[in-house]
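What follows is a short report on a single structure.
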Amino acid sequence: MKETIIRAQGLTRIYGRHRALDGVDITINRGDICGLIGRNGAGKTTMLKIFTGLSIPDEGSYELFGKTGEQERGRIGCLIDSPAFFGNLSAHDNLKYYCILKGITDLSKIDTALERVGLTNTGRKKYRNFSLGMKQRLGIALAILDEPELLILDEPINGLDPIGISDMRDLFIKLNEELGITIVISSHILSELYTLAGRFVFIEEGRILKDVSKEELDDECRVSINITCNDLSRAAAVLEEQCGIMDYKITDDRTIKVYDEVNENFLQDRLREEGIGVMSTVRKGISLEDYFKMLVGGKANG
């Protein structure tokens, strides 16, 4: 059983009459890369700020690493708001400043962090001359400077070009797989996180709409022919032996999902020829973007 890194119950944050978070329950386990998906203003940043100590909940409770103490935040690295880097300093000197601020005496951690994010060759180049991707990487270097166990990132790929997004994705996978860092990363674009995260939490108007694994998300979005019939074991035999279909899944006591590209009328005829009662054959499956829109009620992103 995986260790729980974050556990929140009934988490609520109110600004005036607006409930930025409204009774949120969420659990993050060690080793997860959890994608927090929601439109701008859905409550993603508010939740992450609470976990990092930048905001205080009005109701509810949460634990970090099984404890409620402030000292556990030392095990967290975060990139929520853009860090205040000095434009006239290099990447190394900016991180050196933060080492002094954080009380980090082992300055070799600077070179380690810069190497991990791919900024070892910037030399004396000033921060103000960095590209957006380099600035984002330096922010990540700061977040991992003290070798955290948990990394919390709010829209870290926002505004990057496709190559920058790909590079950042590779970096996060490396941090997770090689260093064992648990990552919670937010975005309002599901497709950007799909190839990175193994779990997706959808949030809208301060409430969690759905919490699914990547496998569950694939199953809901993937195009399939759903066959409802009265004899699943015989139907499976017909699919394999007469239709040559191996990519299918029995989902409940009356339904088979067929993922192979095949005509549904052909399948229905074959099954009925074998005396199997077919109640329905329905083609299902939607894009990731349409799935997101469906969850939030078809509202435009904004």
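Some observations on this one:
- Residue within the stretch 16-29 that is open to solvent by 50 Å² or more (accessible area, probe 1.4 Å), among the small types (Gly, Ala, Ser), assigned to a helix (DSSP H, G or I) and more than 30 Å from Ser131 (Cβ to Cβ) present: no
- Verdict on Gly180 being modelled with pLDDT of 90 or more, closer than 21 Å to Leu79 by Cβ, in contact with an Asp or Glu (Cβ under 7 Å, 6 or more places away or on another chain) and surrounded by fewer than 17 Cβ atoms within 10 Å (Cβ to Cβ): no
- Residue within the stretch 88-96 that is within 20 Å of the chain's Cα centre (by Cα) and either farther than 23 Å from Thr45 by Cβ or not in a loop (DSSP other than H, G, I, E, B) (or both) present: no
- Residues (open to solvent by 40 Å² or more (accessible area, probe 1.4 Å) and in a strand (DSSP E or B)) located in the stretch 1-15: Arg7, Gln9, Arg13, Ile14, Tyr15
- Restricting the first member to the stretch 58-77 and to residues that are closer than 17 Å to Thr46 by Cβ, and the second to residues that are open to solvent by 70 Å² or more (accessible area, probe 1.4 Å) and of a type in the set (D, E, K, R), the beta-carbon pairs closer than 7 Å and six or more apart or on different chains are Tyr62/Arg7.
Residues are listed down the side, and each one gets a yes or a no for (1) without any contact (Cβ under 8 Å) to a residue 12 or more places away in the chain; (2) closer than 22 Å to Lys44 by Cα; (3) aliphatic (A, V, I, L, M); (4) open to solvent by less than 70 Å² (accessible area, probe 1.4 Å):
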{"residue": "Thr122", "(1), (2), (3), (4)": "no, no, no, yes"}
{"residue": "Leu150", "(1), (2), (3), (4)": "no, yes, yes, yes"}
{"residue": "Pro156", "(1), (2), (3), (4)": "no, yes, no, yes"}
{"residue": "Ser166", "(1), (2), (3), (4)": "yes, no, no, yes"}
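- Hits in the stretch 80-108 - residues which are in contact (Cβ under 8 Å) with a residue 24 or more places away in the chain and hydrophobic (A, V, I, L, M, F, W, C): Ile80, Phe85, Phe86, Leu89, Ala91, Leu95, Cys99, Ile104
- A Cβ distance below 7 Å, combined with a sequence gap of six or more or placement on separate chains, defines the contacts here; from the stretch 219-231, residues that are among the small types (Gly, Ala, Ser) reach residues that are surrounded by 16 or more Cβ atoms within 10 Å (Cβ to Cβ) and in a strand (DSSP E or B) in the pairs Ser224/Lys257; Ser224/Val258.
- Restricting the stretch 39-79 to residues that are outside any loop (DSSP other than H, G, I, E, B) and polar (S, T, N, Q) leaves a set whose member that is surrounded by the most Cβ atoms within 10 Å (Cβ to Cβ) is Thr46.
- When the stretch 226-256 is filtered for residues that are aliphatic (A, V, I, L, M) and within 28 Å of the chain's Cα centre (by Cα), only Ile250 remains.
- Residue within the stretch 124-131 that is surrounded by 18 or more Cβ atoms within 10 Å (Cβ to Cβ) and either aliphatic (A, V, I, L, M) or at pLDDT below 90 (or both) present: no
- Failed condition for Met134, given (1) more than 17 Å from Lys44 (Cβ to Cβ); (2) crowded, with 21+ Cβ neighbours inside 10 Å; (3) not acidic (Asp, Glu): (2)
The values are calculated or read from the model by the stated rules, or taken from the named source; none is laboratory data. None of these values were measured; they are calculated from a predicted model. Here the Cβ is made from the backbone with ideal geometry for all residues, glycine too, and neighbour counts use every protein chain on show. For the accessible areas, the whole protein counts, side chains as well, though only heavy atoms, and no ligand, DNA or RNA atoms are used. Shrake-Rupley method; radii C 1.70, N 1.55, O 1.52, S 1.80 Å.
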